[in-house]
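The values are calculated or read from the model by the stated rules, or taken from the named source; none is laboratory data. Model, not experiment: these values are computed from the prediction. Please note: Cβ atoms are built from the backbone with ideal geometry, for glycine as well, and neighbour counts cover all protein chains shown.
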């Protein structure tokens, strides 16, 4: 059989191939669901009493803005990581955004500590941060895993790590709208520590889920 005939016979039974959704489209879907969910959680928990005043503080607005940027850039990078046609530098953009975010919080900590003679650095236990981050982050994290299942599985670990960081950053932004930290040190350790804990846990779980999903067709083929 000639090569042309073989190609023709193989192509006859092929169905229509639906192109993968673009990273921008997946990001729009994620934001369209996550933002209302986080807004609803904030309303159910009750906005913090000093929220109106905090929105007038440049430090709070900048910090929240950097958190939003980290969440959006990380989610976009997660969807790009699943596609071999996307450049590798996009995978490192979330790391830069996170460093800028943490650097701004550290700058605020240093400035306020000088003004308050170090009183702002007194660490106070705030165990509510961990469950609040989890509650606010579960739905965005689950949604981003569901959307990644519709995409390619290329660079899966990077995709899961960026997706988990996106969910953790989004949850922290929402957390600061309904729960106020006592001081910057508490914010750095408890809230940002909770983000790191949630990110690492979500990365492990999502990576396991996607790995099992990728293996499922192979198992069915072997069983058949």
Exercise. In the stretch 122-133, is there at least one residue being more than 22 Å from residue 37 (Cβ to Cβ), modelled with pLDDT of 80 or more, surrounded by fewer than 17 Cβ atoms within 10 Å (Cβ to Cβ) and more than 13 Å from the chain's Cα centre (by Cα)?
Worked result: no
Exercise. Has the stretch 50-61 got any residue that is closer than 22 Å to residue 134 by Cα, buried (at least 18 other Cβ atoms within 10 Å of the Cβ), in contact with a helix residue (DSSP H, G or I) (Cβ under 8 Å, 6 or more places away or on another chain) and at pLDDT 85 or above?
Worked result: no
Exercise. Considering the stretch 73-94 alone, what residues qualify as being free of Cβ contacts under 8 Å to residues at least 24 places away in the same chain, part of a helix (DSSP H, G or I) and over 11 Å from residue 158 (Cβ atoms)?
Worked result: 89, 93
Problem set entry | Unmet requirement for residue 97, which otherwise passes all of (1) touching a residue at least 60 places away in the same chain (Cβ under 8 Å); (2) buried (at least 18 other Cβ atoms within 10 Å of the Cβ); (3) within 14 Å of the chain's Cα centre (by Cα) | (1)
Exercise. Could you say whether any residue in the stretch 17-26 is surrounded by 17 or more Cβ atoms within 10 Å (Cβ to Cβ), under 27 Å from residue 142 (Cα atoms) and at pLDDT 90 or above?
Worked result: yes
Exercise. For the stretch 40-59, how many residues meet the condition of being under 23 Å from residue 198 (Cα atoms), in contact (Cβ under 8 Å) with a residue 40 or more places away in the chain and assigned to a helix (DSSP H, G or I)?
Worked result: 3
